[in-house]
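*Asks:* Once you've had a glance at the structure underneath, I'll fire off some questions.
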Amino acid sequence: MPQQQDIAEIPTEIFSNRSHNGSLAAYVWPDNMLAQFKKDVEQGLGAFPKILPSKYFYDKKGDELFVRIMDLPEYYLTRAEFEIFSEQSGELIQALEISPNQHFELIELGPGDGTKTKELLKVLDQGAYQFDYLPIDISQNALDQLEHNLAEELPGVCVRKKQGDYFTMLASLRESHHPKVLFFLGSNIGNMTDQQAAEFIYKLGSNLQPDDKLFLGVDLIKSANIVLPAYNDPAGLTKAFNLNLLARINSELGGNFDINKFSHQPEYTIENGIAISYLVSTADQTVTLNGSNKTFKFSQGEKILTEISRKYNDEIINNIIGNTDFQIAHKLTDRKGYFADYVLKRI
Ligand SMILES: C[S@@+](CC[C@H](N)C(=O)[O-])C[C@H]1O[C@@H](n2cnc3c(N)ncnc32)[C@H](O)[C@@H]1O
């Protein structure tokens, strides 16, 4: 039976869609996202240990489930970061050195429903700041809903959405010369290994101008009795969210997963600050994908790694940005010290 793998063993390409040559400039994402989805699934289920990239959680059902997860009492992450946005917006604006006299772009990677960002957009809109908001998300559904909601709630804000994998969208940051503030919230970065995060931030930096800023929201290392319930709520929403990945493979790739023969299993190791969600096969079974000549065998108890949710502290962040030209300029935390938003400035 496969054992729990160390994060270092996880094949990095599967999360980042980077080419196998490892070059920073060689991110690959073909136009046909369905073909890429199939390729990633076949590669991930053919690997040992098995792995599926978490970015595929977010179809319409996955988006809806995640919005409900953010409301759960156990899911402290959203509330903690929301508190920072709602109670410290003045400090946040000051730390980002945003001025009402200069037009800037607020670019957000993976905004989802934009709950927290909207708090800031409100303040900026009322304060007559001049800016465009550019959300970039892999989920067209999330972007369409966000655009629709913003048109109703904040009609004065200019929204220019972009759909795609943020790994491939970084070069588009060079399209304009306006000052930029890049938001990467909700500990989205925690889905990457530290090495991928370091390469990603390095690549971000190489596509930004010297005065541009990165605003990075991360979940902080804390005890298992707080972390684990956030990924294993009694209402079963995180379980449904995890299993929806298999349902999506069934509906979009013609898979024949029996969803009832997989269970949801989150694990957390406080020593390294890494939470991992798995789907565990509850029986010996074989799965096929339509149009694929491959079959994927599962033994009882075999795990599929579906999500890493890394937790951080200053030391880990400093290690990650150590080889980039960013440094920590400011740090905002919620009152309980559960979550931090770092302002990273170019050196
Ligand atoms: C966990 S949700 C967090 C949403 C938001 N950042 C927050 O803090 O509430 C992750 C969001 O990132 C998007 N996403 C995940 N991986 C992505 C990728 N590789 N490229 C673009 N968007 C991605 C998902 O579609 C989803 O909207």
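*Asks:* Please list, ordered by first then second residue, the pairs with beta carbon atoms under 6 Å, 6 or more apart or interchain, first in the stretch 101-113 and of a type outside the set (Gly, Ala, Ser), second assigned to a loop (DSSP other than H, G, I, E, B).
*Replies:* Within 6 Å, the pairs are His103/Gln130; His103/His178; Phe104/His178; Phe104/Pro179; Glu105/His178; Leu109/Tyr166.
*Asks:* Looking for whichever is under 30 Å from Gln36 (Cβ atoms) and more than 13 Å from the ligand (Cβ to nearest atom) here; the options are Pro111, Pro53, Pro73, Pro49. Which one fits?
*Replies:* Criteria check complete, one pass: Pro49.
*Asks:* Glu97 passes all but one of (1) away from the ligand (no atom under 14 Å from the Cβ); (2) on the phi < 0 side of the Ramachandran plot; which number fails?
*Replies:* For Glu97, the failing item is (2).
*Asks:* Out of all the residues in the stretch 139-163, which are within 15 Å of Lys61 (Cα to Cα) and touching a strand residue (DSSP E or B) at 6+ places or on another chain (Cβ under 7 Å)? Steps first, please.
*Replies:* As a first pass, look at the stretch 139-163 and keep what is within 15 Å of Lys61 (Cα to Cα): 139-145.
Correct list: Gln140, Leu143.
*Asks:* Of the residues Pro266, Pro229, Pro234, which single one is under 30 Å from Thr333 (Cα atoms), surrounded by fewer than 14 Cβ atoms within 10 Å (Cβ to Cβ) and of a type outside the set (Lys, Arg)? Please lay out each step first, then the result.
*Replies:* Details: Pro266 fails: surrounded by fewer than 14 Cβ atoms within 10 Å (Cβ to Cβ); Pro229 fails: surrounded by fewer than 14 Cβ atoms within 10 Å (Cβ to Cβ).
Unique residue meeting the criteria: Pro234.
*Asks:* Which one of the conditions (1) more than 22 Å from Leu134 (Cβ to Cβ); (2) within 17 Å of the chain's Cα centre (by Cα); (3) among the basic types (Lys, Arg) does Lys203 fail to meet, given that it meets all the rest?
*Replies:* (1)
*Asks:* Oh, and also: Among the residues of the stretch 321-347, how many are closer than 18 Å to Gln196 by Cα, surrounded by fewer than 21 Cβ atoms within 10 Å (Cβ to Cβ) and hydrophobic (A, V, I, L, M, F, W, C)?
*Replies:* Residues meeting the conditions: 0.
*Asks:* Quick one: Tyr58 ticks every box in (1) more than 11 Å from the ligand (Cβ to nearest atom); (2) crowded, with 19+ Cβ neighbours inside 10 Å; (3) at pLDDT 95 or above bar one, so which box is it?
*Replies:* Here Tyr58 meets the rest and fails (1).
*Asks:* Something else: Give me the residue from the stretch 183-197 that is closer than 16 Å to Ile321 by Cα and in a loop (DSSP other than H, G, I, E, B) and, out of that set, nearest to the ligand (Cβ to nearest atom).
*Replies:* This residue is Ser187.
*Asks:* Condition first: assigned to a loop (DSSP other than H, G, I, E, B), of a type in the set (A, V, I, L, M, F, W, C) and modelled with pLDDT of 75 or more. Now tell me which residues in the stretch 18-55 satisfy that.
*Replies:* Our first condition is that a residue be assigned to a loop (DSSP other than H, G, I, E, B); within the stretch 18-55, this holds for 19-26, 28-32, 47-49, 52-53.
Adding the requirement that they be of a type in the set (A, V, I, L, M, F, W, C) leaves 24-26, 28-29, 47-48, 52.
Ala47, Phe48, Leu52 - these are the residues of the stretch 18-55 that are assigned to a loop (DSSP other than H, G, I, E, B), of a type in the set (A, V, I, L, M, F, W, C) and modelled with pLDDT of 75 or more.
*Asks:* For the stretch 198-226, enumerate the residues that are assigned to a helix (DSSP H, G or I) and hydrophobic (A, V, I, L, M, F, W, C).
*Replies:* Across the stretch 198-226, the qualifying residues are Ala198, Phe200, Ile201, Leu204, Ala224, Ile226.
*Asks:* A further question follows. Say we look at the stretch 146-180 and pick out the residues that are among the polar types (S, T, N, Q), within 15 Å of the ligand (Cβ to nearest atom) and at pLDDT below 90; which of these is farthest from Phe131 (Cα to Cα)? Walk me through it before giving the result.
*Replies:* Restricting attention to the stretch 146-180, the residues satisfying the condition of being among the polar types (S, T, N, Q) are 149, 163, 168, 172, 176.
Next, from what is left, pick out any that are within 15 Å of the ligand (Cβ to nearest atom): 149, 163, 168, 172.
If we keep only those that are at pLDDT below 90 too, we end up with 168, 172.
On the way: Thr168: 24, Ser172: 17 Å.
That would be Thr168.
*Asks:* So which strands (runs of 3 or more DSSP E) stay within the stretch 261-334 end to end and still have 1 or more residues that are more than 19 Å from Ser54 (Cα to Cα)? Outline the logic, then answer.
*Replies:* Numbers: elements: 262-269, 274-281, 285-288, 295-298, 303-310, 326-333.
By residue number, 262-269, 285-288, 295-298, 326-333.
The values are calculated or read from the model by the stated rules, or taken from the named source; none is laboratory data. Not measured: the values here are computed from a predicted model. Virtual Cβ from ideal backbone geometry, glycine too; neighbours counted across all protein chains shown.
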